[in-house]
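Everything below concerns the one structure shown next.
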Amino acid sequence: MKIFLALIATLYGQIIRTRIFFYEKGLFKIRKLPARVISIGNITVGGTQKTPLVKAIAEEAISRNLKVCILTRGYGRLNPEEQVVVSDGINIISDIKKSGDEPFELALSLGGKAVIICNKNRYEAGLFAYRNYQPDLYLLDDGFQHLQLARDCNIVCIDASDPLTNASLLPAGRLREELSSLKRATVIALTRTETVINPTADFQTIKRFAPDALIFPIRSKISRLIKLPELFDKANLDNYNLNDSGAGSMAPTTSPKEESETPEKKIFAFCGIGNPQGFFSNLTDAGFEIAGKMIFGDHHWYTEQDLFEILENAGNLPVVTTIKDAVRLKDFVEARNFFAAMLEIEIAEEQKFYSNIFDNLSS
């Protein structure tokens with residue numbers, strides 16, 4: 001089986017190299033949108049915390065009075081051929097099944113303040129957005145391999161907890177393309193550095209393939225939990241904050257909550273994301289004791305049977321999941337004792353990170 005996978009990986013690599021060559025030589029057309037473009041993507045499959053970084057960059061752009069449009073394919077949505085406007089820059093105007101989980105999560109986390117459009121043809125979506133919303137900036141979600149669209153800044157997320165050493169191409173490994181493709185990167189976001197003793201271990205490998213790219217370590221942490229009903233009311237998104245006294249202690253920032261709504265330190269956790277162990281590590285780092293857990297496939301659509309099994313396994317324990325999973329539980333919003341963990345990222349040299357991105361856009 002390993003030999004077979006290696007042979008397929010070799011063929012896949014040749015196809016990828018040929019495709020890149022055609023774009024580099026102008027044999028395949030690269031199109032340019034009528035506003036600046038920042039691409040945030042991966043060179044590997046699996047979760048690299050790209051979505052929290054897209055959110056952070058969108059928030060920074062909005063704070064700079066830029067009108068933001070996020071262009072995304074929207075994996076796992078009901079009709080992948082249909083263009084869907086998830087949010088119009090003011091309100092969320094689509095539902096999760098039409099948009100897919102990650103675009104809906106972004107819309108919810110940003111409070112509808114960014115235009116978000118799902119379309120596998122990002123150029124077509126970008127032109128539509130310009131005609132209807134006049135954005136100052138496009139964020140190309142999962143755009144590193146989307147070579148047909150020109151970009152002004154190319155950010156690649158690499159998971160520090162999953163070193164690139166000896167990484168192989170799909171399907172033998174997790175690389176979407178060879179490491180030599182990192183030469184296209186402007187910025188490398190080295191995520192989940194809190195999980196490793198030496199977060200610079202990948203620096204040498206990255207610098208060998210991307211000598212001109214700036215590398216920024218990024219840490220992640222769970223900052224607050226929110227009950228499912230409140231999650232879908234964006235006005236209440238900040239109601240629950242982890243305070244300094246440790247995990248399981250929740251401090252409401254608006255109105256007081258009943259003690260019965262406050263989760264204990266011991267919890268049951270579940271998720272269906274690209275890197276489930278990363279989520280469990282974040283919970284442990286926040287001081288929670290995971291008494292039980294369940295793992296589903298990435299982008300898994302939850303059913304009543306799934307909910308029954310989760311509740312049966314959890315017993316009387318509070319149940320905690322990710323925001324990405326929580327939005328897929330919208331049909332079960334009244335589920336008792338369910339909390340979504342709000343993940344935040346901390347960018348090393350944050351001012352330099354944003355200056356490098358936004359100052360170059362205006363040059």
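The values are calculated or read from the model by the stated rules, or taken from the named source; none is laboratory data. Computed from a prediction, not measured in an experiment: that's the story for all the values here. Cβ placement follows ideal geometry from the backbone for every residue including glycine, while neighbour counts extend to all protein chains displayed. Accessible surface is based on the protein model in full, side chains and every heavy atom, while ligands, DNA and RNA are left aside. Shrake-Rupley method; radii C 1.70, N 1.55, O 1.52, S 1.80 Å.
The table for this structure:
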item	result
Residue within region 59-72 that is of a type in the set (Lys, Arg) and modelled with pLDDT under 95 present	no
Some residue of region 107-117 being modelled with pLDDT of 95 or more, within 24 Å of ILE30 (Cβ to Cβ) and open to solvent by 60 Å² or more (accessible area, probe 1.4 Å)	no
Positions within region 63-86 being open to solvent by 50 Å² or more (accessible area, probe 1.4 Å) and free of Cβ contacts under 8 Å to residues at least 60 places away in the same chain, in sequence order	SER63, ASN65, LEU78, ASN79, PRO80, GLU81, GLU82, GLN83
Scope region 315-332; condition basic (Lys, Arg) and either assigned to a loop (DSSP other than H, G, I, E, B) or farther than 21 Å from HIS299 by Cβ (or both); matching residues	ARG328
Given (1) open to solvent by 20 Å² or more (accessible area, probe 1.4 Å); (2) under 26 Å from the mean Cα position of the chain (by Cα), number of the condition GLN14 does not satisfy	(2)
Residues within region 48-98 that are part of a helix (DSSP H, G or I) and small (Gly, Ala, Ser), tallied	4
Test result for GLN148, of a type in the set (S, T, N, Q) and at pLDDT 95 or above	yes
Pair list, Cβ < 9 Å and 6+ apart or interchain, from region 207-218 residues that are loosely packed, with under 14 Cβ neighbours inside 10 Å and among the acidic types (Asp, Glu) to residues that are in a helix (DSSP H, G or I) and modelled with pLDDT of 95 or more	ASP212/LYS183
Region 298-353, residues that are surrounded by fewer than 16 Cβ atoms within 10 Å (Cβ to Cβ), under 21 Å from ARG77 (Cβ atoms) and at pLDDT 95 or above	none
Options PHE288, PHE270: the member that is open to solvent by less than 60 Å² (accessible area, probe 1.4 Å), of a type in the set (Phe, Trp, Tyr) and within 16 Å of SER220 (Cβ to Cβ)	PHE288
Those residues of region 175-189 which are open to solvent by 50 Å² or more (accessible area, probe 1.4 Å) and farther than 14 Å from ALA9 by Cβ, in sequence order	SER180, LYS183, ARG184
Flag for ASN166 being under 22 Å from the mean Cα position of the chain (by Cα), open to solvent by 50 Å² or more (accessible area, probe 1.4 Å), free of Cβ contacts under 8 Å to residues at least 40 places away in the same chain and within 30 Å of THR10 (Cα to Cα)	no
Contacts under 6 angstrom Cβ, first residue in region 111-139 being farther than 22 Å from LYS97 by Cβ, partner open to solvent by less than 40 Å² (accessible area, probe 1.4 Å) and of a type in the set (Lys, Arg), 6 or more apart	none
Residues (surrounded by fewer than 22 Cβ atoms within 10 Å (Cβ to Cβ), part of a loop (DSSP other than H, G, I, E, B) and of a type in the set (Val, Ile, Thr)) located in region 17-47	ILE30, VAL45
Region 99-124: number of residues that are aromatic (Phe, Trp, Tyr) and either assigned to a strand (DSSP E or B) or more than 16 Å from ALA326 (Cα to Cα) (or both)	1
Conditions (1) under 19 Å from GLY47 (Cβ atoms); (2) open to solvent by less than 10 Å² (accessible area, probe 1.4 Å); (3) touching a helix residue (DSSP H, G or I) at 6+ places or on another chain (Cβ under 8 Å): number failed by PRO135	(1)
